[in-house]
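A quick write-up on the structure given underneath.
Rule-based calculations on the coordinates, nothing more; no lab input. Since we're looking at a predicted model, the values are computed, not measured. Heads up, the Cβs are rebuilt from the backbone with ideal geometry, glycines too, and the neighbour counts pull from every protein chain shown.
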Amino acid sequence: MATRAYILIETAVGETNAVSNALKEMPMMKAVDTVTGPFDIIAVVEADDLSSIGDLISDGMHGISGIVKTITCLSVRS
């Protein structure tokens, strides 16, 4: 069973579309939705294990220009 996480993303002003497009190109991304509220994007990722999700966030997502902050919520039951 895959590990799933919901990643809440705050972007810099004017960068939401560029960040969203960059995220959609990343492996393990299942959904990338632009939303209203305190965050700009919610991304859904799935991987074989928690370590892979950690690598995706720290080595991949945090290298995308325009991402200001992320909060990762792990799915515990689906």
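Only one residue in Thr36, Thr11 is hydroxyl-bearing (Ser, Thr, Tyr) and surrounded by fewer than 16 Cβ atoms within 10 Å (Cβ to Cβ), so which one is that?
Among Thr36, Thr11, only Thr36 is hydroxyl-bearing (Ser, Thr, Tyr) and surrounded by fewer than 16 Cβ atoms within 10 Å (Cβ to Cβ).
Quick one: count up the residues across the stretch 22-33 that are under 21 Å from Val68 (Cβ atoms) and either among the hydrophobic types (A, V, I, L, M, F, W, C) or under 9 Å from the mean Cα position of the chain (by Cα) (or both).
Summing the residues that are under 21 Å from Val68 (Cβ atoms) and either among the hydrophobic types (A, V, I, L, M, F, W, C) or under 9 Å from the mean Cα position of the chain (by Cα) (or both) in the stretch 22-33 gives 6.
Looking only at the stretch 39-48, which residues are surrounded by 14 or more Cβ atoms within 10 Å (Cβ to Cβ) and closer than 15 Å to Leu74 by Cα?
Of everything in the stretch 39-48, those that are surrounded by 14 or more Cβ atoms within 10 Å (Cβ to Cβ) and closer than 15 Å to Leu74 by Cα turn out to be Ile42, Ala43, Val44, Val45, Glu46, Ala47.
Kindly evaluate Ser51 against the criterion of being free of Cβ contacts under 8 Å to residues at least 40 places away in the same chain, surrounded by fewer than 16 Cβ atoms within 10 Å (Cβ to Cβ) and under 17 Å from Met1 (Cβ atoms).
yes
Starting from residues that are out of contact with any Asp or Glu (no Cβ under 9 Å at 6 or more places or on another chain) and surrounded by fewer than 17 Cβ atoms within 10 Å (Cβ to Cβ), keep the ones in the stretch 19-33 and report whichever is farthest from Ala2 (Cα to Cα).
Out of the qualifying residues, it is Asn21.
Yes or no: Thr36 over 17 Å from Ile67 (Cα atoms) and of a type in the set (Val, Ile, Thr)?
no
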